[in-house]
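K.L.:
Handing you a structure now.
Just so it is clear, none of the values below were taken in a lab; they were calculated from the coordinates. Nothing here was measured: the structure is a model prediction, and the numbers come from that model. Every residue, glycine as well, gets a Cβ built from its backbone with ideal geometry; the counts of neighbours run over all protein chains shown.
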Amino acid sequence: MPTHTTDEDSLTSPISFWPRVRDYAVPPSMIETATARRSVGDWAGACAAAGIDVDLRLGVLARTHGRELAARVRADLRHLAPDLLRWHLPRIAPDGLLRPGLTIALARYDGAGRDGGDPVHLVVRTPPAWADGGQRISLALWDGSRTGTAARSHPHPHPSRRFRFDLHRHLWDARRAGDLRIRSGADRPPGQDPPGQDPPGQDPPGQDPYGPVPGLPATAPGGLPCAVDRWAAEAELLLRAEGRRGGAVEVRLGGRHRLVLDLVTDPDGTRPPELHTAAAPADEGGPALPVLPDPATWVLPDLELLRAGLIGPDRLHPLVAAALVPGHVPAGPAPATDPAGAPRFVDCRGDRHRIALVDGVLTALDHGPDELRREELLVALTGTPLPCLRAIDEAHRRPQSLSGIRERLVHGDTAGALAVVEGLLGPDAVLRDGALRDELEAAAGRRVTYGLFRSGLLGPGQGCSPVTGYVGPRSRPPDRRSRPRHADLR
């Protein structure tokens with residue numbers, strides 16, 4: 001989902017960092033493995049491949065809520081594309097990390113509660129910012145109770161009214177992924193009004209009868225693009241899910257900006273409903289207005305990137321590319337421009353020398369063992385090393401690919417980051433003090449913190465040393481990112 005920072009008066013378009021997010025947040029290896037597991041019916045394996053911890057047990061659900069509900073949940077889980085879900089989850093600027101401390105409803109099962117009245121929700125939760133190491137998320141059921149360690153430790157276990165996917169199954173259900181083309185407005189050029197037609201139902205038809213809301217700008221404060229031409233259709237779907245034919249809905253454009261719109265229906269049913277601006281309710285103690293879901297509020301980032309030419313279909317999730325670019329044939333994997341283990345060249349004392357992996361260790365190929373031993377002794381005595389040895393030392397401490405390694409670690413792609421390190425230094429390399437080792441140790445510490453949060457053994461204001469394992473109170477964990485800790489996101 002589109003992203004903005006806390007300061008609503010200094011918003012900038014997030015389109016500049018979305019290509020980087022698309023490169024690292026959901027790596028191709030995750031998509032490939034999760035798709036393979038889902039295709040054979042292994043939904044739990046697909047979730048594991050996509051970095052999702054499962055906090056539900058269908059057997060327990062059948063005993064507590066009945067077999068009928070368990071069967072409905074199982075059917076949804078078998079078609080859950082967890083990699084697609086991760087692709088569409090709301091993110092925050094400037095690094096594009098998952099919005100922390102969020103509970104998002106994926107599906108709502110009415111009349112399935114413990115007393116036959118309260119709804120049960122299939123939800124996904126993101127951890128709080130202080131425990132978001134590895135960008136892992138959890139999948140659970142919410143029936144209004146606060147049972148389970150994960151639910152008790154989560155800061156907001158109740159499903160969010162603003163961030164919800166139960167009305168947008170195309171964002172996580174493989175059966176409905178094709179609906180993204182219509183629901184995102186990709187079926188027509190930007191600014192083109194759709195033709196009139198009967199109002200859509202829960203399954204939108206091929207044409208959309210709703211046009212832009214008169215009098216509303218196409219962008220929010222700060223220039224963020226709003227999906228104004230879809231608001232009427234999405235508002236009708238929202239109100240219909242609430243059991244209403246019309247009424248007021250609230251549109252949140254950030255922490256400081258919100259609109260109240262009234263969906264007016266035609267009594268004769270000959271014209272589609274229209275949205276009009278309305279005054280905010282004066283009675284603060286009255287029932288809260290339905291909130292237009294966040295995915296329906298903004299223009300899809302992938303659609304922005306495609307139209308701006310900043311990304312190609314091959315860099316999109318396959319299900320997203322199939323919906324936004326019909327007929328696109330995925331290209332094969334691009335050949336590696338710098339294959340692992342290939343020699344690298346160094347200008348060394350007037351000659352062009354090579355360094356490469358030998359027996360699992362990065363080595364200078366054009367210097368003999370005796371010369372290397374003499375140079376290592378000279379370095380130990382504070383002498384100036386050979387340029388080849390300096391290049392090897394720099395690769396161990398601060399390689400040129402450090403930025404990509406850091407991005408992979410921050411987004412949870414530990415396997416991808418270690419593969420880059422091994423391709424650069426070799427599987428038997430011993431890391432030296434420096435930025436690379438610091439990044440790997442910090443990532444390990446964040447994963448330990450997340451594990452302790454999941455188990456309920458660690459709360460805000462506590463920390464864990466990845467080396468000693470000591471857990472104890474301390475000040476807020478140091479911010480490893482340049483974003484506000486409580487960024488308000490779309």
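K.L.:
Please give the contour-minus-distance gain from V264 to L418: 0.36 nm per residue of separation, less the Cα-Cα distance, rounded to one decimal in nm.
P.N.:
Result: 49.8 nm gained on full extension.
K.L.:
Quick one: I311, I137, fewest Cβ neighbours within 10 Å first, how do they rank?
P.N.:
Lowest to highest Cβ neighbour count: I311, I137.
K.L.:
Quick one: if the Förster radius is 35 Å, what FRET efficiency do A36 and A380 give, using the C-beta to C-beta distance and rounding to 0.05?
P.N.:
After rounding, the FRET efficiency stands at 0.10.
K.L.:
Using a 7 Å offset from the Cα along the Cα-to-Cβ direction at both R397 and A331, what is the distance between the two label points in nm, to one decimal?
P.N.:
In this crude label model, R397 to A331 measures out at 3.9 nm.
K.L.:
Let me ask another. Could you check the simple spin-label distance between L58 and T277, using points 7 Å along Cα→Cβ, in nm with one decimal?
P.N.:
Result for the modelled spin labels: 5.0 nm.
K.L.:
Please compute the modelled spin-label separation between A241 and H158, points set 7 Å along Cα→Cβ, answer in nm with one decimal.
P.N.:
Distance between the two pseudo-spin positions: 1.7 nm.
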